[in-house]
Amino acid sequence: MTVTNVHKDPANLSLTITCEFEAAIERVWQLWEDPRQLERWWGPPTYPATFVDHDLRPGGVVTYYMTGPEGDRPHGGWDVVAVEAPHRLEVEDWFADDEGKKSPDLPTTTMRVTIDERSGGGTTMAITSVFPSLEAMEQVLAMGAEEGMKQALGQIDEILRADA
Amino acid sequence: MAPPRADRVFHALADATRRDIVRRALEGEHSVSALARSYPMSFAAVQKHVAVLEEAELVTKRKRGREQLVRSNVDTIRAASGLLEALEAMWRERIDRFGEVLADQRGEGASS
């Protein structure tokens, strides 16, 4: 497993991360398709995820919650926009209330996944997240990235150097 | 970072001239007129760029005599940059776990 590219686009509030796996494309797809495998990697160890509904079809809905160390349970879900197994998945990722119902007032994040076979064997996966606002980024981080926040040591130059 | 100004930060940084102003003003105070001489545009245009940056709290401005001095606000820049950094870190961790589950040959539906 190698992360081969990370593209941060401050102007469009998007992040694309590309990685390669020594595994068959069908196997990589399983980790999205099978909720029991999906929940093994979606949430951090301190906030493991449990997927409740998992209807991975266009127009389908996926719901999940995460369980925090204090027993807190933030809920979230996806509106499935596009699915082309085993190559492509696009969802709108949203936040939910304590009952798991979508919160209409909170921002949604678009997540696009593309998976391709590499010519030399193995599989490439690219995940793009497009955020509607900085607040949305903060909320995503607050829910899924305790460790990420800890590592959020600002690198002033990086954002300034972007295609300067 | 305080939410009200959040969107403005990335909007402000989306422009090459404004990024350059922020970079210069990180090294120390620059007058608006000195900045204006650095770009092939009018004083008014540069002043407008500075106003966008000021609204996003990326720079602060103070008066000295007839001059307006611009300085970058390091805290805001750090916060904006930090968000993308943190999201990258979140995804790197997720992909690490993804790789671990992939490599787990127990595969389908195995409980951990």
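Computed from the coordinates by the stated procedures, all read-outs in this text should not be read as laboratory data. Source: prediction; values computed, not measured. Methodologically, a virtual Cβ is constructed for each residue, glycine included, from the backbone with ideal geometry; neighbour enumeration extends over all protein chains shown.
Grab every C-alpha pair in the range B:3-103, bin the distances at 10 angstrom width from 0 up to the longest one, and report whole percents.
In order of increasing distance, the bins hold 15, 40, 22, 12, 8, 4, 0 percent.
Could you work out how far apart the two model spin labels at A:THR2 and A:ARG36 are, taking each label as a point 7 Å from the Cα in the direction of the beta carbon, and quote it in nm?
Distance between label points: 3.3 nm.
Can you list the GluC sites (Glu not before Pro) in the range A:1-96 that are in a DSSP coil and have 11 or fewer other beta carbons within 10 angstrom? Please list the in-between numbers first.
Numbers: sites: A:GLU20, A:GLU22, A:GLU26, A:GLU33, A:GLU39, A:GLU70, A:GLU84, A:GLU90, A:GLU92; in loops: A:GLU22, A:GLU39, A:GLU70.
Loop-located and lightly packed - A:GLU70.
In terms of modelled amide H atoms, which long-range or inter-chain residues lie less than 5 Å from the amide H of A:ALA23?
Result for A:ALA23 returns A:GLY122, A:THR123.
Express in % the proportion of alpha carbon pairs of the range A:2-151 at distances exceeding 20 Å. List each step's numbers first, then the result.
Working: 5614 of 11175 pairs.
So the portion of pairs separated by more than 20 Å is 50 percent.
Can you compute 3J(HN,Hα) from phi for each residue in the range A:121-138, using the Karplus curve 6.51 cos²θ - 1.76 cosθ + 1.60 with θ = phi - 60°, rounded to whole Hz and x for Gly and Pro?
Calculated HN-Hα couplings, in order: x, x, 9, 9, 10, 10, 10, 10, 10, 10, 9, x, 6, 5, 4, 4, 4, 4 Hz.
Please give the FRET efficiency for B:SER38 paired with A:VAL130, using the beta carbon to beta carbon distance and R0 = 35 Å, rounded to the nearest 0.05.
Details: r = 34 Å, r/R0 = 0.96.
After rounding, the FRET efficiency stands at 0.55.
From the phi angles alone, apply the Karplus equation (6.51, -1.76, 1.60; θ = phi - 60°) to the range A:78-93 and give each ³J(HN,Hα) in whole Hz, x where the residue is Gly or Pro.
Using θ = phi - 60°, the values come out as 10, 8, 7, 9, 8, 9, 9, 5, x, 9, 8, 8, 9, 9, 9, 8 Hz.
Using Cα pairs under 8 angstrom and six or more residues apart, how large is the relative contact order of the range A:1-130, in percent? If you can, show how the numbers build up before the last one.
On the way: 297 pairs, mean separation 29.6, N = 130.
Relative CO of the range A:1-130 lands at 23 percent.
Go through the range B:8-20 residue by residue and turn each phi into a ³J(HN,Hα) via Karplus (6.51, -1.76, 1.60, θ = phi - 60°); whole Hz please, and just put x for glycine and proline.
5, 4, 6, 4, 4, 7, 6, 10, 5, 5, 5, 4, 5
In the structure displayed, which of A:LYS8/B:LYS61; A:LYS8/A:LYS102; A:LYS102/B:LYS48 lie more than 32 Å apart, Cα to Cα?
Values: A:LYS8/B:LYS61 29 Å; A:LYS8/A:LYS102 28 Å; A:LYS102/B:LYS48 41 Å.
Long pairs (Cα-Cα over 32 Å): A:LYS102/B:LYS48.
At a Förster radius of 51 Å, what calculated FRET efficiency corresponds to the Cβ-Cβ distance of A:ALA85 and B:ALA45, to the nearest 0.05? Mind showing how you got there, number by number?
Values: r = 51 Å, r/R0 = 1.01.
Computed FRET efficiency for A:ALA85 and B:ALA45 comes out at 0.50.
For A:THR114 paired with A:THR50, estimate the spin-label separation in nm (one decimal), with each label point 7 Å from Cα along the Cα-to-Cβ line.
3.7
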